[in-house]
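*Asks:* Below is a structure I'd like to ask you about.
The values are calculated or read from the model by the stated rules, or taken from the named source; none is laboratory data. Bear in mind the structure is a predicted one, so any value in this text is a computation, not a measurement. Reconstructed Cβ throughout: ideal geometry from the backbone, glycine too, with neighbour counts over all protein chains shown. Areas reflect the complete protein model, heavy atoms only, side chains present, ligands, DNA and RNA absent. Shrake-Rupley method; radii C 1.70, N 1.55, O 1.52, S 1.80 Å.
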Amino acid sequence: MIERLRERFDGLSARALILLATIGVALPLVVTVIALAQRRWYPVLDLAMTEFRVQDVGTRDTPLIGLPGRIGELPDQCSHPGPLSFWLLAPGYRLFGSSAWAMEVATVSVALVWAATALWIGYRRLGRAGIALVAAIIAVVVRGFGLSVLTQPWNPYMPLLAWLVILLAAWAVLDGDDLMLIPLVVAASFAAQTHIPYLLMAGAIGLLAVGVVLWRWWRARRSGGDGVGPPRSVLITIGVFAALWLAPLVDQLVRDPGNIKRLLDHFGSPDEEPIGYGAGIRLMLRHLDVVGAHLGLLFGDERFLEEGFDPDGPIWAGVIVLVLWLLSFVVAGRLRHRSLVALHSLLAVTLLLTTLSMSRIFGQRWYYLTLWAWVTTTLIVVATLWST
């Protein structure tokens with residue numbers, strides 16, 4: 001029987017494997033959202049505003065900017081950059097009955113799209129082994145954040161799986177897969193528009209990926225490929241980026257002041273002093289604590305949240321993880337393993353951006369401002385183990 005199952009598994013196409021893996025990693029979310037149908041609840045505060053905005057999609061009041069955020073002082077608060085989260089939730093929200101529960105179903109539906117995209121990227125990088133590896137990463141991430149986080153349509157939570165897609169797609173581009181610029185720009189735009197802490201990191205990683213592709217094209221031209229035109233992937237990416245960011249631009253043009261200007265004014269001249277580089281480095285090391293977070297998953301879920309609630313906790317585990325990762329980076333370089341070096345290089349850039357982003361936090365270091373860092377740490381663990 002085992003041999004028959006193995007033969008059937010080996011005979012499955014890549015598309016079928018990705019579909020099965022998506023169903024497998026998403027099963028806890030699907031079961032949860034079915035169970036939530038038995039519980040009546042009424043959105044309040046941010047969730048209520050989210051439902052109002054989702055209801056507006058497709059009407060004359062279609063949202064052009066994101067959810068109002070803790071950015072500035074009332075009544076002059078800014079909103080998060082863009083409306084993509086509202087737009088992507090709207091189809092599922094209407095399909096499942098336009099209720100609070102339907103908004104949770106829509107949230108899970110969007111999460112499934114990011115999971116399937118991540119698995120597809122894994123297949124393009126490492127074949128069937130890549131599907132298994134990414135499925136394991138997603139399973140860890142789902143258990144680490146917990147089902148309540150990944151089924152809740154709150155803007156700090158919705159981009160968590162999109163951040164995984166950003167990192168995997170950027171790794172693929174650095175490893176020579178130019179086509180992955182397209183899912184990269186989609187996921188990066190979604191994350192940056194939905195919750196502004198992603199804007200710096202997602203934008204910088206996207207620019208790095210485009211720069212790498214253009215650099216490869218320039219080298220090809222210098223090597224005699226005079227007939228080689230601009231990379232098609234870059235041209236498509238520019239077009240997709242322009243389409244995805246058209247709504248915030250329209251808002252800026254029709255309102256005075258527009259949301260973009262308000263954001264620039266706020267972050268250009270903040271009312272509070274940021275926590276600084278010293279505190280930023282410490283917070284980054286705190287989010288490398290695989291002992292409390294990842295090993296803690298052996299005894300319970302939502303460990304990423306629990307560790308995030310304690311930004312002043314111990315950093316010794318993070319220091320050890322950082323040293324081990326740096327050593328594994330050296331090993332990968334000596335092995336001249338192209339894919340592994342590309343992954344380590346991306347993670348190095350991401351850690352620098354993480355530190356910079358965390359150092360710019362104003363006031364209270366709320367756990368939701370840095371939740372994405374646990375996804376980065378999970379990939380650091382994978383890269384370190386892969387290098388041994």
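*Asks:* For the range 248-388, give the percent of accessible area contributed by carbon and sulfur heavy atoms, probe 1.4 Å, rounded to a whole number. The partial results should precede the final answer.
*Replies:* Details: 4560 of 7020 Å².
The value for the range 248-388 is 65 percent carbon and sulfur by accessible area.
*Asks:* Could you compute the longest span of the chain free of trypsin sites (Lys or Arg not before Pro) located in DSSP loops and having at most 11 other Cβ atoms within 10 Å, not counting the site residues? Show your work: numbers first, answer last.
*Replies:* Values: sites that count: Arg39, Arg40, Arg60, Arg336.
The answer is 61-335.
*Asks:* GNM, the chain, Cα, under 10 Å: largest mean-square fluctuation among Leu347, Leu298, Leu160?
*Replies:* Judging by the Gaussian network model, the answer is Leu298.
*Asks:* Explain nothing, just the number: relative contact order of the range 56-171, from Cα pairs under 8 Å at least 6 residues apart, as a whole percent.
*Replies:* Contact order relative to length: 20 percent.
*Asks:* For Ser13 and Asp61, FRET efficiency with R0 = 41 Å and r from the beta-carbon atoms, rounded to 0.05? It would help to have the intermediate numbers written out before the result.
*Replies:* On the way: r = 44 Å, r/R0 = 1.07.
That gives a FRET efficiency of 0.40.
*Asks:* How large is the charge dipole for the chain, taken about the Cα centre, if only the Cβ atoms of Lys, Arg (+1) and Asp, Glu (-1) carry charge, to the nearest 20 debye?
*Replies:* Working: 30 positive and 27 negative charges, 277 e Å.
Dipole size: approximately 1340 debye.
*Asks:* Now, a different point. Among Pro28, Pro257, Pro311, whose mean-square fluctuation peaks in a Gaussian network model of the chain (Cα, cutoff 10 Å)?
*Replies:* Pro257
*Asks:* While we're on this one: What is the magnitude of the charge dipole of the range 104-223 about its Cα centre, with +1 placed on the Cβ of each Lys and Arg, -1 on the Cβ of each Asp and Glu, and no other charges, expressed in debye to the nearest 20? Don't skip to the end; give the middle numbers.
*Replies:* Details: 8 positive and 4 negative charges, 95 e Å.
Its charge dipole is roughly 460 debye.
*Asks:* Per DSSP helix of 4 or more residues, -39500 (n - 2.57); summed, then divided by the residues of the chain. What does that give at 222 nm, rounded to the nearest 500?
*Replies:* Values: 18 runs with 267 residues, N = 388.
Computed mean residue ellipticity for the chain: -22500 deg cm²/dmol.
*Asks:* Can you give the accessible area per residue of the chain, in Å², using a 1.4 Å probe? Display every interim value, and only then the final one.
*Replies:* Details: 18630 Å² over 388 residues.
Heavy-atom SASA per residue in the chain reads 48 Å².
*Asks:* Checking understanding here: applying a Kyte-Doolittle mean of at least 0.0 and a length along the axis of at least 27 Å (C-alpha), which whole DSSP H helices in the chain pass? The partial results should precede the final answer.
*Replies:* Values: long enough: 14-36 (32 Å, 2.36); 100-126 (39 Å, 1.04); 197-222 (39 Å, 0.78); 316-335 (29 Å, 2.15); 338-359 (32 Å, 1.42).
Membrane-span-like by this criterion, though nothing is claimed about a membrane: 14-36, 100-126, 197-222, 316-335, 338-359.
*Asks:* Could I ask something else about it? So what is the relative contact order for the chain, in percent, with contacts set as C-alpha pairs under 8 Å and at least six apart?
*Replies:* Values: 521 pairs, mean separation 66.1, N = 388.
This gives 17 percent for the chain.
*Asks:* Rounded if a/c is under 1.5, else prolate if a/b beats b/c, else oblate: with a ≥ b ≥ c from the C-alpha gyration tensor eigenvalues square-rooted, which is the range 123-195?
*Replies:* On the way: a/c = 3.48, a/b = 1.30, b/c = 2.67.
Judged from the Cα gyration tensor, the range 123-195 comes out oblate (a/c at least 1.5, b/c at or above a/b).
*Asks:* To the nearest 10 Å², what's Val110's accessible area with a 1.4 Å probe?
*Replies:* Roughly 20 Å² of Val110 is accessible to a 1.4 Å probe.
*Asks:* Positive end of the charge dipole of the range 148-273 (Lys, Arg +1 and Asp, Glu -1 on Cβ, about the Cα centre): tell me which of Val250, Ala172, Leu199 has its Cα farthest that way.
*Replies:* Of Val250, Ala172, Leu199, it is Ala172.
*Asks:* Mind checking the log10 I(q)/I(0) for the range 170-264 at q = 0.11, 0.17 Å⁻¹? Debye, one equal scatterer per Cα, no solvent, two decimals.
*Replies:* -0.39, -0.78
*Asks:* Return the inverse of the average 1/r over all pairs of distinct C-alpha atoms in the chain, which is the Kirkwood hydrodynamic radius, in Å to one decimal.
*Replies:* Computed over Cα pairs of the chain, the Kirkwood hydrodynamic radius comes out at 22.0 Å.
*Asks:* Right, something else. Among Glu104, Glu273, Glu302, which one moves the most in a GNM of the chain with springs linking Cα atoms closer than 10 Å?
*Replies:* Top of the fluctuation ranking is Glu273.
*Asks:* Using a 1.4 angstrom probe on the protein heavy atoms only, line up Phe299, Phe329 by accessible area, largest first.
*Replies:* On the way: Phe299 180, Phe329 55 Å².
Order by accessible area, largest first: Phe299, Phe329.
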